[in-house]
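Okay, so here's the structure we're looking at.
The values are calculated or read from the model by the stated rules, or taken from the named source; none is laboratory data. All of these numbers come straight from a predicted model, not from anything done at the bench. FYI the Cβ positions are ideal-geometry reconstructions off the backbone, even for glycines, and counts take in every protein chain you see.
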Amino acid sequence: MTIPALRSWTPGQGQFTFTPTSRILIASGDMPKLKSVADLLASELGSRFGRKVQVAGNGNNPRPGDVVLQIQGNAADIGGQGYKLTVNNSITITATTPDGAFNGTRTVLQSLKNGTTVSAGTATDWPTYPERGVMIDLGRMYFTLDWLKARVRDMASLKLNTLALHLSDDEGWRVESNLGLQSAQYLTKNEISALVDYAAQYHITVIPEVDMPAHLGALLQKYPQYRLVDKDGNVSPTKIDFTIPAARQLLKQVVAEYLPLFPGKYWHLGLDEYLSNSQFNNYPQLLNYAKTTVGPNATAKDSIIAFGNEMNAFIRDAGKTGRAWNDNVGPGTTIELDKNIVIQYWTDSDSEDFFGPNGPFTPQTLLSKGYEIVNDSLLPTYAYPTGGQTPQIHPNYLYDSWSVDQFYGYLYFEQNGQYVKVAPTKTVPVGAPGVRGSMLNVWNSGGTWTQDEAAADIYPRMRTMAQKTWNSPQPAANYTDFLTIINQVGSPND
């Protein structure tokens, strides 16, 4: 058994046995592309079996017990992240890219988890969705570098390839700052770089998020002059008034400081939970800013879209692709958020106004408009500590009742152990172009838990998310049976 399950497996005759002389071989010409994949596999197998495993370049002449890695451009049916596995007295992993070959090595490692033999056969395996990940809320709770590295190892074993870091929030700023914004517990820049490099070894991309223009309480404690003030003089301690030029410049200064730490493609801007549609008119400066920036027919809500587009232009100049939460991406504006921003859909309701008439665009509408989207629906994909206002999300719900093509968010409640959805589920075709995938979103709001408790809670959820985003045939009829497979497969951290 593997997690995620193989997309196809054809049994053969005999078996593979990992022996004291087994090697990792790389096919002729593929050494530059696959050396790092082979070295990591050799190190992992060596740790598991207590000996040094040799990496060599004569992949065309395997001996029994060897594992061969090779790149073939004519295996287009498996895509860039898929692979083909041939198991006889040796194992051959064939892929079109190093990412695909790496994924194949994860299957080999899981297959050797509880012994030295693998039954003969052939597998063809690939994911439906290119992005499969975990988001960690560091802003509200500090996690150590070692804890994060352990999650990277666990993610990689499950073929999860994206680690999103919510670096700051009202409660904390968890990365070293030239401006002195960091909380008492934080990751140094050297630690962040070490984590990014470590994740890259495991073919995991790290996506940073400095949430704005809301969720900036930690920053605004130091810069209270930029807090958002309404027409009656009420001051928000957590939202920045981006109509002030110096406030926007400060945010760009913050982003510019951290851009070099994250060489990956994406930068998450946030853009969530600023104001509900009905609240924008309480801030005349927002309407004035929109009319000045967008045009005389602009609405107050245009202001946040204009701000998002300005910040997107800033990060794109640095070579990044922007991302944003979805709740302010909807009707009520005369301009649209840039189409090159990936929209992470978490809620089916208007920010802070759950029954507002101008809630977010549906996932299908976003796709039709040309956006790429990620399914971060609150109900199935979220994990919370106990004691918060948001009810615990039962882990079985993710496996038994959800798939990546189903989107629903905040409008639900729990009744007699069952979830009742106030708003209907919104669906798109399975594997629809533009749907990048999903993440397990580990938020630390409301309640409390320790690092060990958080790791234990998300352990089965990560495995379910891996299965759902790979989207191969489910290996068990229900979550209870899937738990048996989870226990059999285990973790590299065991």
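Assorted remarks:
- Positions within the range 1-24 being within 23 Å of residue 487 (Cα to Cα) and not in a strand (DSSP E or B), in sequence order: 1, 2, 3, 4, 5, 6, 7, 18
- Within the range 294-305, being buried (at least 22 other Cβ atoms within 10 Å of the Cβ) and in contact (Cβ under 8 Å) with a residue 24 or more places away in the chain holds for 298, 301, 302, 303, 304, 305.
- Answer from 109, 138, 163, 158 - the residue that is not acidic (Asp, Glu) and not assigned by TED's automatic domain parsing to the domain that holds residue 202: 109
- One residue alone among 210, 206, 175 is without any contact (Cβ under 8 Å) to a residue 60 or more places away in the chain, buried (at least 23 other Cβ atoms within 10 Å of the Cβ), within 19 Å of residue 254 (Cβ to Cβ) and of a type in the set (Val, Ile, Thr), and that residue is 206.
- Taking helices (runs of 4 or more DSSP H) as the structural unit, those lying wholly within the range 145-233 and holding at least 2 residues that are under 30 Å from residue 106 (Cβ atoms) correspond to 145-157, 189-201.
- Qualifying positions in the range 126-173 - more than 15 Å from the chain's Cα centre (by Cα) and among the β-branched types (Val, Ile, Thr): 128, 144
- Where residue 275 falls short, out of the listed (1) touching a residue at least 12 places away in the same chain (Cβ under 8 Å); (2) out of contact with any helix residue (DSSP H, G or I) (no Cβ under 8 Å at 6 or more places or on another chain); (3) on the phi < 0 side of the Ramachandran plot; (4) not acidic (Asp, Glu): (2)
- Hey, residue 183 out of contact with any Pro (no Cβ under 7 Å at 6 or more places or on another chain) and closer than 25 Å to residue 322 by Cβ or not: no
- Of the residues in the range 285-297, not one is in a loop (DSSP other than H, G, I, E, B), under 29 Å from the mean Cα position of the chain (by Cα), of a type outside the set (Ser, Thr, Tyr) and assigned by TED's automatic domain parsing to the domain that holds residue 187.
- Whichever residue in the range 371-380 is at pLDDT 95 or above and out of contact with any helix residue (DSSP H, G or I) (no Cβ under 6 Å at 6 or more places or on another chain) and, among such residues, is nearest to residue 414 (Cα to Cα): 376
- Condition check for residue 464: in the same structural domain as residue 159 (by TED's automatic domain parsing), of a type in the set (S, T, N, Q) and surrounded by 18 or more Cβ atoms within 10 Å (Cβ to Cβ): yes
- Filtered residues of the range 395-438 (kept if under 22 Å from residue 476 (Cβ atoms), without any contact (Cβ under 8 Å) to a residue 24 or more places away in the chain and more than 20 Å from the chain's Cα centre (by Cα)): 401, 417, 418
- With respect to the conditions (1) farther than 18 Å from residue 132 by Cα; (2) of a type in the set (Gly, Ala, Ser); (3) in contact with a helix residue (DSSP H, G or I) (Cβ under 9 Å, 6 or more places away or on another chain); (4) assigned to a helix (DSSP H, G or I), residue 456 falls short on a single one, namely (3).
- Any hit, the range 25-36, residues being assigned to a helix (DSSP H, G or I), small (Gly, Ala, Ser) and without any contact (Cβ under 8 Å) to a residue 24 or more places away in the chain: no
- Residue ranges of helices (runs of 4 or more DSSP H) in the range 361-426 with at least 1 members surrounded by fewer than 16 Cβ atoms within 10 Å (Cβ to Cβ): 363-369, 395-401
- Close pairs from the range 482-494: first under 14 Å from residue 108 (Cα atoms) and outside the structural domain of residue 106 (by TED's automatic domain parsing), partner surrounded by 13 or more Cβ atoms within 10 Å (Cβ to Cβ) and charged (D, E, K, R), Cβ under 7 Å, at least 6 apart: 489/113; 490/113; 491/154; 492/153; 492/154
- Of all residues making up the range 49-81, the number that are outside any strand (DSSP E or B), surrounded by 19 or more Cβ atoms within 10 Å (Cβ to Cβ) and touching a helix residue (DSSP H, G or I) at 6+ places or on another chain (Cβ under 7 Å): 3
- Test set (1) under 21 Å from residue 338 (Cβ atoms); (2) touching a residue at least 60 places away in the same chain (Cβ under 8 Å); (3) crowded, with 20+ Cβ neighbours inside 10 Å; (4) touching a Ser or Thr at 6+ places or on another chain (Cβ under 7 Å) - residue 218 fails condition number: (1)
- Restricting attention to the range 442-456, the residues being under 12 Å from residue 392 (Cβ atoms) and of a type in the set (S, T, N, Q) number 0.
- Taking the range 228-261 as the range and being among the polar types (S, T, N, Q), buried (at least 17 other Cβ atoms within 10 Å of the Cβ) and either under 26 Å from residue 319 (Cα atoms) or in contact (Cβ under 8 Å) with a residue 40 or more places away in the chain (or both) as the test, the residues that pass are 238, 243.
- Test for residue 134: is it among the aliphatic types (A, V, I, L, M) and part of a strand (DSSP E or B): yes
- Looking only at the range 299-329, residues that are in a loop (DSSP other than H, G, I, E, B) and under 26 Å from residue 348 (Cβ atoms) come to 7 in all.
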